[in-house]
Amino acid sequence: MKKNLLLSEDVDISYIYQFGDQFRLNKQLDHKGLLKELEQYKDKWSHYNPRITYIRRYGLSVFNHSGNIESGPDLDSLPQYNKIHKTNYKESDFNQATPVYRNSQYLPGLLEGLSPYCVRTHFLKLLPGGFFPPHRDHIYGKQKSFRMIVPLKNYNPPGLYFIIENKILYWEDGYIYVVNTTKEHSVFNVHSNSESLWLIINVLLCKESIKYVCDHITYR
Ligand SMILES: [Fe+2]
């Protein structure tokens, strides 16, 4: 079990976003091996945001609130879930590794040095036609976590468009990227027959996670 970290008040998200809206770290996983490993969970995916079933998006938890593979607040809009269920889940509550992480041949290695600061983390699958309309992942108050994304399958145009403001993002297989999803962004899978697959990692903003990003940034 991970201990709850005390976040430093003197760290700021600009320590991360000063490097850009999307930048690559020098950490890469064997994405083909990971995709094969994920086949065992093919019946365990949950609808992402279960109230919007007409959008074909699915999630598989890696770090969540329970440590179990289940449909829950981590695979939902957190503000909407808290309002409906009268709960008060925060990003920092989703720090329990599920069997998807614990039994993985690849994930502990990829997240070595980072896992103590990982919170709400999941695989995300967009079937053809699946999308996220324009939105921001953070609005009110001081930002206490940031987002890392690993592209795994069908992640570049012309099959998939990940757009921040007016810029289309391009990705390389299996690398960890830091992405400024506080800016307006949208994702559309326009491929006719391929799903799009990503690993979405939320990281607590603290001195240690900032150092991790600086230690692993490319183009130094
Ligand atoms: Fe987002």
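Residue 127 - would you say it is surrounded by fewer than 20 Cβ atoms within 10 Å (Cβ to Cβ), more than 17 Å from residue 16 (Cα to Cα) and either out of contact with any Gly (no Cβ under 9 Å at 6 or more places or on another chain) or of a type outside the set (Gly, Ala, Ser) (or both)? If you could, list the steps in order and put the result at the bottom.
Working: surrounded by fewer than 20 Cβ atoms within 10 Å (Cβ to Cβ): yes; more than 17 Å from residue 16 (Cα to Cα): yes; either out of contact with any Gly (no Cβ under 9 Å at 6 or more places or on another chain) or of a type outside the set (Gly, Ala, Ser) (or both): yes.
Spelling it out, residue 127 is indeed surrounded by fewer than 20 Cβ atoms within 10 Å (Cβ to Cβ), more than 17 Å from residue 16 (Cα to Cα) and either out of contact with any Gly (no Cβ under 9 Å at 6 or more places or on another chain) or of a type outside the set (Gly, Ala, Ser) (or both).
Does the stretch 35-76 hold any residues that are of a type in the set (Ser, Thr, Tyr), in a loop (DSSP other than H, G, I, E, B), in contact (Cβ under 8 Å) with a residue 24 or more places away in the chain and farther than 12 Å from residue 122 by Cα, and which are they? Lay out the reasoning, then the answer.
If we filter the stretch 35-76 for residues that are of a type in the set (Ser, Thr, Tyr), which is where we start, we get 41, 46, 48, 53-54, 58, 61, 66, 71.
Then drop every residue that is not in a loop (DSSP other than H, G, I, E, B), which leaves 48, 53-54, 66, 71.
Of the ones still in play, those that are also in contact (Cβ under 8 Å) with a residue 24 or more places away in the chain are 48, 66, 71.
Residue satisfying the conditions is 66 alone.
From the list 164, 139, 210, exactly one residue is at pLDDT below 95 and among the β-branched types (Val, Ile, Thr). Which is it? It would help to see each step written out before you state the result.
Values: 164 fails: at pLDDT below 95; 210 fails: at pLDDT below 95.
Among 164, 139, 210, only 139 is at pLDDT below 95 and among the β-branched types (Val, Ile, Thr).
For the structure I just gave you, tell me whether residue 202 is open to solvent by less than 10 Å² (accessible area, probe 1.4 Å) and either more than 16 Å from the chain's Cα centre (by Cα) or aliphatic (A, V, I, L, M) (or both). No: the conditions fail for residue 202.
Looking only at residues of the stretch 156-186 that are more than 15 Å from the chain's Cα centre (by Cα) and hydrophobic (A, V, I, L, M, F, W, C), we find that the one that is most open to solvent (accessible area, probe 1.4 Å) is 168. Being open to solvent by 40 Å² or more (accessible area, probe 1.4 Å) and more than 13 Å from the chain's Cα centre (by Cα) is the filter here, so list the residues in the stretch 135-155 that pass it. If the condition is that a residue be open to solvent by 40 Å² or more (accessible area, probe 1.4 Å) and more than 13 Å from the chain's Cα centre (by Cα), then 135, 136, 138, 139, 140, 141, 142, 144, 153 are the ones that fit.
Find the strands (runs of 3 or more DSSP E) located wholly in the stretch 101-205 whose residues include 3 or more that are within 15 Å of the ligand (Cβ to nearest atom) and more than 24 Å from residue 73 (Cβ to Cβ), and list them. Please lay out each step first, then the result.
Working: elements: 118-126, 131-135, 145-153, 160-164, 175-179, 185-189, 196-204.
Ranges flagged: 160-164.
Total residues in the stretch 48-65 satisfying the condition of being open to solvent by less than 40 Å² (accessible area, probe 1.4 Å) and within 25 Å of residue 92 (Cβ to Cβ): the figure is 9.
The values are calculated or read from the model by the stated rules, or taken from the named source; none is laboratory data. Source: prediction; values computed, not measured. Methodologically, a virtual Cβ is constructed for each residue, glycine included, from the backbone with ideal geometry; neighbour enumeration extends over all protein chains shown. Note: accessible area is taken over every heavy atom of the protein model, side chains too, but ligands, DNA and RNA are not part of it. Shrake-Rupley method; radii C 1.70, N 1.55, O 1.52, S 1.80 Å.
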